[in-house]
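Working notes, structure below.
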Amino acid sequence: MMAGRLLDVTAYTTLDYVEASAYSSDWSEDGTAVLDVRTPKDTPETVALDLELDPTAVDAVESHAHSVSLTTEQAETLIAALKTVIEDDGSDRPARLQK
């Protein structure tokens, strides 16, 4: 369980336990995180993605969370991209999207 959590985690939280990384050009740290997808009450036409790494697992940064606000079209693009990446092409190489 994450101590000092900023995001609310309930039975409705999308992913209450995922592996995540925080990194810069000089360091990298791995830990557990919460990832939630929600529709904000004040902007119901958008989709928000919230991510918070467990502050006890990452020493290089203070406790914080990130939020990305997407339009419906952007959310649909993300869905399509995720589906493309998880499709098996038969190779051993990781799937990557090409722009």
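Computed from the coordinates by the stated procedures, all read-outs in this text should not be read as laboratory data. Since the structure is predicted, the reported quantities are computational estimates derived from the model, not experimental observations. For neighbour counting, all protein chains shown are included, and Cβ atoms are generated from backbone atoms with ideal geometry for every residue, glycine included.
The figures follow:
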{"quantity": "J(HN,Hα) series, the stretch 54-60, from Karplus relation 6.51 cos²θ - 1.76 cosθ + 1.60, nearest Hz, glycine and proline x", "calculated": "4, x, 7, 9, 10, 7, 6"}
{"quantity": "HN-Hα J in Hz across the stretch 73-80 - Karplus 6.51, -1.76, 1.60, θ = phi - 60°, x for Gly and Pro", "calculated": "4, 5, 5, 5, 4, 5, 4, 4"}
{"quantity": "Simple spin-label estimate for Ile86 and Arg5 in nanometres, 7 Å along Cα-Cβ", "calculated": "2.3 nm"}
{"quantity": "Long-range HN-HN contacts of Leu70 with modeled amide H, under 5 Å", "calculated": "Val47, Ala48, Leu49"}
{"quantity": "Ellipsoid semi-axes in whole angstrom, largest first, where each is sqrt(5λ) of the Cα gyration tensor of the stretch 15-71", "calculated": "25, 12, 9"}
{"quantity": "Contact order relative to length of the stretch 15-71, as percent, for alpha carbon pairs under 8 angstrom and 6 or more apart", "calculated": "29 percent"}
